[in-house]
Amino acid sequence: MSSRTLLGITMGTAGAILLGYCIYLDQKRRADPEYKRKLHDRRQHTEKAQDIKDDHNDNQLTIECPMEEPLGEVSDHLELEHCFESEMKMGEQLICQGNIADGVTHFANAIMMCAHPLPVLQTIQESLPDFVFMPLLMKLTELQSNSSSTKDNSTTSIQEYA
């Protein structure tokens with residue numbers, strides 16, 4: 001008998017033993033009296049998680065990030081990040097629905113939160129058509145002229161970008 005034949009027989013036997021062991025463990029798992037209860041609980045948990053996720057996606061337009069406090073007073077980085085993400089999502093959803101003016105306002109609010117807005121602006125410029133991007137630049141310059149609390153270089157860099 002050649003070594004290839006012996007190797008093939010050995011591999012076939014090992015595969016059959018592995019398959020048999022898997023079948024044995026599956027039968028043992030299914031015979032467990034708690035199996036159906038655990039399976040039912042897991043399915044209910046998955047359905048609840050999916051329902052919560054669907055409800056969150058349905059109510060996403062109602063999520064608002066209050067812009068009441070000045071950006072210098074925001075101390076929690078995670079809160080600022082969440083606020084940025086919610087403003088970007090709101091802007092995207094509103095523009096997809098055809099409400100360009102409100103979508104541009106939310107994008108502008110999100111960009112105003114950034115410490116370095118130029119990379120965000122470049123990404124948005126690549127993804128948005130010009131008829132949406134140009135009002136965004138105008139809104140940003142309007143927000144910057146209204147905002148007297150912004151003292152860093154991001155203000156001048158956005159004006160230079162426009």
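Given the condition open to solvent by less than 100 Å² (accessible area, probe 1.4 Å), modelled with pLDDT of 85 or more, charged (D, E, K, R) and in a loop (DSSP other than H, G, I, E, B), answer yes or no: does some residue in segment 51-72 qualify? No, that holds for no residue.
Which count do you get for residues in segment 77-91 that are under 13 Å from THR105 (Cβ atoms) and not hydrophobic (A, V, I, L, M, F, W, C)? If you could, list the steps in order and put the result at the bottom.
Applying the first criterion (under 13 Å from THR105 (Cβ atoms)) to segment 77-91 yields 87-88, 90-91.
Adding the requirement that they be not hydrophobic (A, V, I, L, M, F, W, C) leaves 87, 91.
Within segment 77-91, residues that are under 13 Å from THR105 (Cβ atoms) and not hydrophobic (A, V, I, L, M, F, W, C) number 2.
The set of residues from segment 120-158 being in a helix (DSSP H, G or I) and at pLDDT below 55 comprises SER154, THR155, THR156, SER157.
The values are calculated or read from the model by the stated rules, or taken from the named source; none is laboratory data. Keep in mind it's a predicted model, so treat the numbers as computed, not measured. Ideal geometry is used to build each Cβ from the backbone, glycine not excepted, and the neighbour counts take in all protein chains shown. Please note that ligands, DNA and RNA were not included when accessible areas were found on the heavy atoms of the full protein model with its side chains. Shrake-Rupley method; radii C 1.70, N 1.55, O 1.52, S 1.80 Å.
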